[in-house]
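S.K.: Let me give you the structure first, and then I'll get to my questions.
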Amino acid sequence: MNEKLKGIGLSLAIAIPSWFLGKQFPIIGGPVFAILLGMAITLLIKNKAPFQAGITYTSKKILQYAVILLGFGLNLSVILQTGKQSLPIIITTIAAALITAYFLSKALKIPSKIATLVGVGSSICGGSAIAATAPVIDAEDEEVAQAISVIFFFNVLAAILFPTLGGILGFSTADGTAFGIFAGTAINDTSSVTAAASTWDVLYGLGSHTLDTAVTVKLTRTLAIIPITLALVFYKAKQNQGESSVKLSKIFPFFILYFLLASVITTIAVSMGVSNTIFDPLKTLSKFFIVLAMAAIGLNTNIVKLVKTGGKPLLLGSVCWIVITASSLLMQSVMGLW
């Protein structure tokens, strides 16, 4: 562990200011600040060898711990009860985005790992989905950084444009349910979902109704991490059938099972009368661990290469975003919610 301390310490030195910057500018968020600072600082380090073991540990293992702790923010009974109305929309938008990402990546000849990260990040829950998927598909840190950058770009656009778009499309201003479902299904990251829904509440004096609906829908989407990552595991195992050295036990994402266990613990505890606020420190630690891991990923990323190869992933992200938005609107229209 001692050989890892330097790299962990360096990542921590980047993560702490990034965390506070993310608090001041929530639409950008701590993870994006951490990646950018990491990419800038790595250019100043002449010999990264003493830090590399800790950087790698942070970008891989700490990322998995972040996903596990994320489970403590999910009360499954509440999600299943209040999120079931949005479930058909969620399934449709996720399926549409993943299918689009697959075929468009083939057409544009985008590396499959980047396409997968952009697809799941766009369709499920932004950085959290990327954090869960990256270890499963053995994504390189530069690929993770690229996917996060794409997701960030469309997060900011969504937070700014969606309240205006909702007014143009004629969403009810007397009730925040329709726009809350729209924001929760069509915006990928929690920070932007919260920003757009809160803006709608403020614009039309709806208290926190839109925000409550949007966050519940968003948490319901988060559960899709489980089937998606497991599907990727079995797909990967099928690809490696000819390699006798590859065993399912070696590539199975056990951290996803711990994520589910954390969710079950929260659900049982709350049903027994325990306040869900008791889990707030663990949820906060989860968010900080994601920032910490992104700092390490930034340190492992070549910013020049990232800029040179970023055009196609950005195009992929834009098409996925359009498809998700259109799918959400179509399903709401079919279900009579809009």
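For every residue, the table says whether it meets (1) of a type in the set (S, T, N, Q); (2) in contact (Cβ under 8 Å) with a residue 12 or more places away in the chain; (3) buried (at least 21 other Cβ atoms within 10 Å of the Cβ).
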{"position": "5", "(1), (2), (3)": "no, yes, no"}
{"position": "12", "(1), (2), (3)": "no, yes, no"}
{"position": "16", "(1), (2), (3)": "no, no, no"}
{"position": "32", "(1), (2), (3)": "no, yes, yes"}
{"position": "37", "(1), (2), (3)": "no, yes, no"}
{"position": "40", "(1), (2), (3)": "no, yes, no"}
{"position": "48", "(1), (2), (3)": "no, yes, no"}
{"position": "68", "(1), (2), (3)": "no, yes, yes"}
{"position": "71", "(1), (2), (3)": "no, yes, yes"}
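S.K.: If you check every pair at least six apart or on different chains, which have Cβ atoms under 8 Å apart with a residue in segment 151-175 that is free of Cβ contacts under 8 Å to residues at least 24 places away in the same chain first and a residue that is among the small types (Gly, Ala, Ser) and crowded, with 17+ Cβ neighbours inside 10 Å second?
M.R.: Final answer for the pair search is 172/178.
S.K.: Suppose the filter is more than 22 Å from residue 200 (Cα to Cα) and surrounded by fewer than 24 Cβ atoms within 10 Å (Cβ to Cβ); does residue 149 pass it?
M.R.: Numbers: more than 22 Å from residue 200 (Cα to Cα): yes; surrounded by fewer than 24 Cβ atoms within 10 Å (Cβ to Cβ): yes.
Yes.
S.K.: Then there is this: Does any residue of segment 307-326 turn out to be under 16 Å from residue 42 (Cα atoms) and out of contact with any Ser or Thr (no Cβ under 9 Å at 6 or more places or on another chain)? Give the steps one after another, and end with the answer.
M.R.: Here is the first cut: in segment 307-326, the residues under 16 Å from residue 42 (Cα atoms) are 307.
Checking the rest, the ones that are also out of contact with any Ser or Thr (no Cβ under 9 Å at 6 or more places or on another chain) come to 307.
Yes, segment 307-326 has at least one match.
S.K.: Looking at 80, 98, 117, which one is buried (at least 23 other Cβ atoms within 10 Å of the Cβ) and of a type outside the set (S, T, N, Q)?
M.R.: Values: 80 fails: buried (at least 23 other Cβ atoms within 10 Å of the Cβ); 98 fails: buried (at least 23 other Cβ atoms within 10 Å of the Cβ).
Going through 80, 98, 117 in turn, just one is buried (at least 23 other Cβ atoms within 10 Å of the Cβ) and of a type outside the set (S, T, N, Q): 117.
All of the numbers you see were taken from the coordinates with simple rules; none came from a lab. Here the structure is a predicted model, which is why all the values come from computation and not from measurement. Backbone-built Cβ (ideal geometry, glycine too); neighbour counts: all protein chains shown.
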